[in-house]
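Taking it in order: structure first as structure tokens, then the write-up.
Please treat every number below as a calculation from the coordinates, not as lab data. This is a predicted model, so every value here is computed, not measured. FYI the Cβ positions are ideal-geometry reconstructions off the backbone, even for glycines, and counts take in every protein chain you see.
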Amino acid sequence: MLLDLVGADVRLVVIGGVSATLHGSAYITKDLDLCYDTEPDNIERLANRLRDWHAYLYGVEPGLPWTMDARAIRTNPVLTLITDHGRIDVMDQVAGIGDYAACVRASEEMPFEGTRVRTLSLDALIIAKRAAARTKDQARVLELEALYAKVHGHEPPRVREPTRRPRRSRRPHRA
């Protein structure tokens, strides 16, 4: 899928599990996650490729009225899809990083099957995984931090997390 998208000149940044694998992670992913440029010409190219692959909403019963087109991408900032070639998640922003332009700034080009693809840098991927705050990403973050330390000789920089105020008790105080 990734080679086909790159060949169709879709402007994108690889994020998620494929990005982790490109950085040396042992994690095996079952989908392709990407952040795309929201310029109309790019959305049209992305929509055309997804339509060619018969993309449909993942986890939604088949046959519901839904059309894969540029409008569907523009009106849904995150789409989780199943295609003839497998699962793909397309989004216009990445938690902890920002929109496509921010992802480009936080990315690097890496070799992939005879071409070069743009993927989040290892430190940006760690930030994104932390920001997503999903239980399933916690183990991935530990592995990515270890990879970062191996490559750079030190732990990845920490982004200050906002502190949370303690919850107030809803029970009345007893005297």
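Over the chain, what is the relative contact order in percent, taking alpha-carbon pairs closer than 8 angstrom and at least six residues apart?
Working: 250 pairs, mean separation 36.9, N = 175.
Once divided by the residue count of the chain, the mean separation gives 21 percent.
Name the longest site-free stretch of the chain, where the excluded sites are trypsin sites (Lys or Arg not before Pro) in a DSSP loop with no more than 12 other beta-carbon atoms within 10 Å. Display every interim value, and only then the final one.
On the way: sites that count: K30, R134, R158, R160, R164, R167, R168, R170, R174.
The reported range is 31-133.
So which aspartates and glutamates pass the test for K136, namely a Cα distance under 18 Å, with those fewer than 8 places away in the same chain ruled out?
D31, D33, D89, E145
Putting +1 on Lys and Arg Cβ atoms and -1 on Asp and Glu Cβ atoms, find which of L32, N48, V6 reaches farthest to the positive end of the dipole of region 1-66.
So the residue we want is L32.
Which angle between 0 and 90 degrees, to the nearest 10, do you get for helix 138-152 versus the longest principal axis of the chain when only C-alpha atoms count?
Here the helix axis deviates by roughly 80 degrees.
List the equivalent ellipsoid semi-axes of region 27-67 in whole Å, largest first, each obtained as the square root of 5λ for an eigenvalue λ of the Cα gyration tensor.
Working: eigenvalues 79, 66, 15 Å².
Rounded to whole Å, the semi-axes are 20, 18, 9.
If you count the DSSP beta bridges with both ends in the chain, what percent of them are antiparallel, to the nearest 5?
Numbers: 20 of 26 bridges.
Among the beta bridges of the chain, antiparallel pairing accounts for roughly 75 percent.
Nearest 10 degrees, 0 to 90: what angle lies between the long axis of helix 122-132 and the longest principal axis of the chain (Cα atoms)?
That helix lies at roughly 70 degrees to the long axis.
Most fluctuating residue of L122, L142, L12 in a GNM of the chain with Cα springs under 10 Å: which is it?
L142
What per residue convex hull volume, in Å³, do the alpha-carbon atoms of the chain yield?
Values: hull volume 30.2 nm³, N = 175.
Each residue corresponds to 173 Å³ of Cα convex hull volume.
How many angstrom separate the Cα center of region 71-128 from the Cα center of region 22-65?
Each part's Cα centre sits 10 Å from the other's.
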